[in-house]
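Below you'll find the structure, written out as structure tokens, and then a few comments.
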Amino acid sequence: QVRLVELGGGLVEPGGSLKLSCVASENIFNFNEMGWYRQAPGKERELVATINVGGNERWGDSLKGRFTISRDGAKKTVNLHMNSLRPEDTAVYYCNARILYRKYWGQGTQVTVSS
């Protein structure tokens, strides 16, 4: 059973930075793709960023440049580094991993950007 655990959410002021980590229960290179989605109140879940086994990245609209995605195979971790945070980045952030057409989700971690 694949398990994904998100770490690092919390409250941050506008303009601040935050790092989210997703720790997988198995070798992250077993997944075709791994990354992050988010869901704000009253909105649909949307893509933030993913990275595939070959290192190619996919990004949600307008997020690349403020956010970066990285991975550490030894730690079975994919990280999301978020800079210049805005109130509209407030959401529950979910880790996602995909093997072919099967998707796995973490429980989510709340990120709140507010002064």
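The values are calculated or read from the model by the stated rules, or taken from the named source; none is laboratory data. Since the model is a prediction, treat every value here as computed from it, not as a measurement. Methodologically, a virtual Cβ is constructed for each residue, glycine included, from the backbone with ideal geometry; neighbour enumeration extends over all protein chains shown. All accessible areas refer to the heavy atoms of the entire protein, side chains included, with ligands and DNA or RNA removed. Shrake-Rupley method; radii C 1.70, N 1.55, O 1.52, S 1.80 Å.
Among the conditions (1) modelled with pLDDT under 95; (2) within 22 Å of Val2 (Cα to Cα), the only one that Asp61 does not satisfy is (2). Counting the residues of the stretch 24-45 that are closer than 14 Å to Tyr93 by Cα, buried (at least 18 other Cβ atoms within 10 Å of the Cβ) and among the hydrophobic types (A, V, I, L, M, F, W, C) gives 2. Taken together, the residues in the stretch 1-16 that are open to solvent by 70 Å² or more (accessible area, probe 1.4 Å) and part of a loop (DSSP other than H, G, I, E, B) amount to 3. Entry remark, the stretch 77-96: residues being under 14 Å from the mean Cα position of the chain (by Cα) and charged (D, E, K, R) number 1 in total. Looking only at residues that are hydrophobic (A, V, I, L, M, F, W, C), open to solvent by 20 Å² or more (accessible area, probe 1.4 Å) and out of contact with any Cys (no Cβ under 8 Å at 6 or more places or on another chain) in the stretch 63-108, which one is farthest from Glu44 (Cα to Cα)? Among residues in the stretch 63-108 that are hydrophobic (A, V, I, L, M, F, W, C), open to solvent by 20 Å² or more (accessible area, probe 1.4 Å) and out of contact with any Cys (no Cβ under 8 Å at 6 or more places or on another chain), the one farthest from Glu44 (Cα to Cα) is Ala74.
For the stretch 46-62, a residue qualifies if it is under 16 Å from Ile99 (Cα atoms) and exposed (fewer than 12 other Cβ atoms within 10 Å of the Cβ), and the qualifying residues are Gly54, Gly55, Asn56. Considering only the stretch 63-84, I want to know if a residue exists there that is more than 21 Å from Gly16 (Cβ to Cβ), free of Cβ contacts under 8 Å to residues at least 40 places away in the same chain and among the polar types (S, T, N, Q). No, the stretch 63-84 has no match at all. Evaluating Leu20 against the criteria (1) part of a strand (DSSP E or B); (2) open to solvent by 20 Å² or more (accessible area, probe 1.4 Å); (3) in contact (Cβ under 8 Å) with a residue 60 or more places away in the chain leaves one unmet condition, (2). Being β-branched (Val, Ile, Thr) and closer than 19 Å to Leu100 by Cα: is that true of Val78 here? So Val78 passes the test.
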